[in-house]
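The values are calculated or read from the model by the stated rules, or taken from the named source; none is laboratory data. Note that the structure is a prediction, hence the values are computed from the model and not measured. Positions of Cβ are generated from backbone atoms using ideal geometry, with glycine treated the same way; all protein chains shown enter the neighbour counts. Just so you know, the surface numbers come from the protein's heavy atoms only, side chains and all, with ligands and any DNA or RNA stripped out. Shrake-Rupley method; radii C 1.70, N 1.55, O 1.52, S 1.80 Å.
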Amino acid sequence: MHELGIVFHIIKTVERVGDENSLTNVSEVTLELGEVSGVVPSELNDCWNWAVKKTELMKEAKLLIETIPALTLCESCGKTYGTVEFGRVCPYCGSENTYLVQGREINLKEIKAC
Amino acid sequence: MDKIRIIEVKESIFEDNNREAARLRARLKNERTFLLNLMSSPGSGKTTTLMRTIEELKHEFRIGVMEADIDSSVDAEKIATTGVKSIQLHTGGMCHLDAGMTEQGLNELGMENLDLVILENVGNLVCPAEFDTGAVKNAMILSVPEGHDKPLKYPLIFTVCDVLIINKIDVLPYFDFDLEKVKEYALMRNPNLKIFPISAKTGEGISAWTDWLRNQVGDWINAD
Ligand SMILES: Nc1nc2c(ncn2[C@@H]2O[C@H](COP(=O)(O)OP(=O)(O)OP(=O)(O)O)[C@@H](O)[C@H]2O)c(=O)[nH]1
Ligand SMILES: [Mg+2]
Ligand SMILES: [Zn+2]
């Protein structure tokens, strides 16, 4: 399952940061999640709540998710538009020569801990 | 009671894996072992293509195979008939392999005594594309029945691959599959992509692909 794999990588990163900063108890983890990252937030939360119980550092930690909107740039006319609404065809000029500029991120933003 | 702090991290959760993958690639270079990561949807012809590839190259290189498919004991048995060493990786039901799991597999396989290791990744076009396995080169197989608009639906995997193998071209007459369109769409995502149309069934086009692979492996294991 995709979300569980992602959760393991978040936990691994939090554990490394915890180590580097001598943290003993993490209470909140904030994630930036791209709109087209392919990760389903509700499933991510379910996997998170299950997986953190097996850790020492973040047993009770909450997962907060901030969404990064997906934006596509059109190479033909240089305009940027919302990917989810218009897909890969530029709504301004009809070109298919378009690239995603943001929206696939899965970033660990910050950790609240003591 | 310690004071509560906020620690800004601001990093991709793939970063740890990317570092591990880079470390593994350096180790492969040292060991003079070439790792090819092969990705595709289920049933696109990975195992059949692998068999052909092994037959072409097994007299020149010492080859090993790692099978990551959830249920590929059948594949492993088929590969075993070619006489090369193969193992089954344990993904624990995961939809992808990361560099750590790949390295464990390589240790089990014994990479010191191998020139070329081929990893048959888990069968889907989404998750494996996000995780660098540490492979030297990445290849994907797209088969004719899957349709020519896959590069539009799954752009990421086309950007991370060095090679696109278009398999099952023997059935082109029976499908509404536009070979020129798929090349155009794929190159739009990745202008450096090498494209090899093949039929793993009839053997058509195989030698162009294995010539490319032979050169890549040779360059990697003979570099100083
Ligand atoms: N017509 C035709 N059939 C092919 C070709 N290559 C493979 N096949 C058939 O496609 C089916 C799947 O081939 P496999 O090689 O098992 O594909 P795979 O990607 O390893 O499949 P999984 O491991 O199950 O995901 C088999 O029935 C093959 O005989 C080809 O070039 N042409
Ligand atoms: Mg197979
Ligand atoms: Zn445009």
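Looking at B:Phe131, B:Phe177, which one is away from chain A (no Cβ under 12 Å), among the aromatic types (Phe, Trp, Tyr) and surrounded by 21 or more Cβ atoms within 10 Å (Cβ to Cβ)?
Just one listed residue meets the conditions, B:Phe177.
Would you confirm, using the coordinates I've provided, whether B:Ala26 is at pLDDT 95 or above and within 14 Å of another protein chain (Cβ to nearest Cβ)? Taking the combined requirement at face value, the residue does not satisfy it. Taking the listed residues B:Ala135, B:Ala139, the one that is in a strand (DSSP E or B) and under 11 Å from the mean Cα position of the chain (by Cα) is B:Ala139, with no other qualifying. Within segment B:174-192, residues that are aromatic (Phe, Trp, Tyr) sit with their Cβ atoms under 6 Å from residues that are part of a helix (DSSP H, G or I) and open to solvent by less than 40 Å² (accessible area, probe 1.4 Å), at 6+ positions apart or across chains, in these pairs: B:Phe175/B:Val144; B:Phe177/B:Val144; B:Tyr185/B:Pro151; B:Tyr185/B:Leu152. Note on segment A:96-112: residues that are at pLDDT 95 or above and near ligand 3 (Cβ under 8 Å from one of its atoms) amount to 0.
For segment B:65-104, the candidate set comprises residues that are in a loop (DSSP other than H, G, I, E, B), of a type in the set (Asp, Glu) and within 16 Å of ligand 2 (Cβ to nearest atom); within that set, the residue that is nearest to B:Ser41 (Cα to Cα) is B:Asp69. For segment B:1-21, filtered to residues that are touching a residue at least 12 places away in the same chain (Cβ under 8 Å) and either open to solvent by less than 50 Å² (accessible area, probe 1.4 Å) or touching a His at 6+ places or on another chain (Cβ under 8 Å) (or both), the residue that is farthest from the other protein chains (Cβ to nearest Cβ) is B:Ala21.
Evaluate the following for B:Leu38: is it within 11 Å of ligand 2 (Cβ to nearest atom) and either within 14 Å of chain A (Cβ to nearest Cβ) or not in a helix (DSSP H, G or I) (or both)?
Against the criterion (within 11 Å of ligand 2 (Cβ to nearest atom) and either within 14 Å of chain A (Cβ to nearest Cβ) or not in a helix (DSSP H, G or I) (or both)), B:Leu38 qualifies.
Scanning segment B:37-89 for residues that are among the charged types (D, E, K, R) and touching a strand residue (DSSP E or B) at 6+ places or on another chain (Cβ under 7 Å) yields B:Lys46, B:Glu67, B:Asp69, B:Asp75, B:Lys85.
Is there a residue in segment B:55-64 that is under 23 Å from B:Glu146 (Cβ atoms), more than 9 Å from ligand 2 (Cβ to nearest atom) and not in a helix (DSSP H, G or I)? No, segment B:55-64 has no match at all. The residues on offer are B:Gly110, B:Gly123, and the sole one that is out of contact with any strand residue (DSSP E or B) (no Cβ under 6 Å at 6 or more places or on another chain) and within 14 Å of chain A (Cβ to nearest Cβ) is B:Gly123.
One line per residue, one yes/no per condition, for (1) assigned to a loop (DSSP other than H, G, I, E, B); (2) open to solvent by less than 20 Å² (accessible area, probe 1.4 Å); (3) of a type in the set (Val, Ile, Thr); (4) within 16 Å of ligand 3 (Cβ to nearest atom):
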site: B:Leu119; (1), (2), (3), (4): no, yes, no, no
site: B:Leu152; (1), (2), (3), (4): no, no, no, no
site: B:Val171; (1), (2), (3), (4): no, no, yes, no
site: B:Ala186; (1), (2), (3), (4): no, yes, no, no
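On the given criteria, is A:Thr24 within 12 Å of another protein chain (Cβ to nearest Cβ), assigned to a loop (DSSP other than H, G, I, E, B) and among the polar types (S, T, N, Q)? Yes: the conditions hold for A:Thr24.
Within segment B:101-130, residues that are under 12 Å from B:Gln88 (Cα atoms) have Cβ atoms under 8 Å from residues that are modelled with pLDDT of 90 or more and open to solvent by 30 Å² or more (accessible area, probe 1.4 Å) in these pairs: B:Leu109/B:Lys85, counting only partners at least 6 apart in sequence or on another chain.
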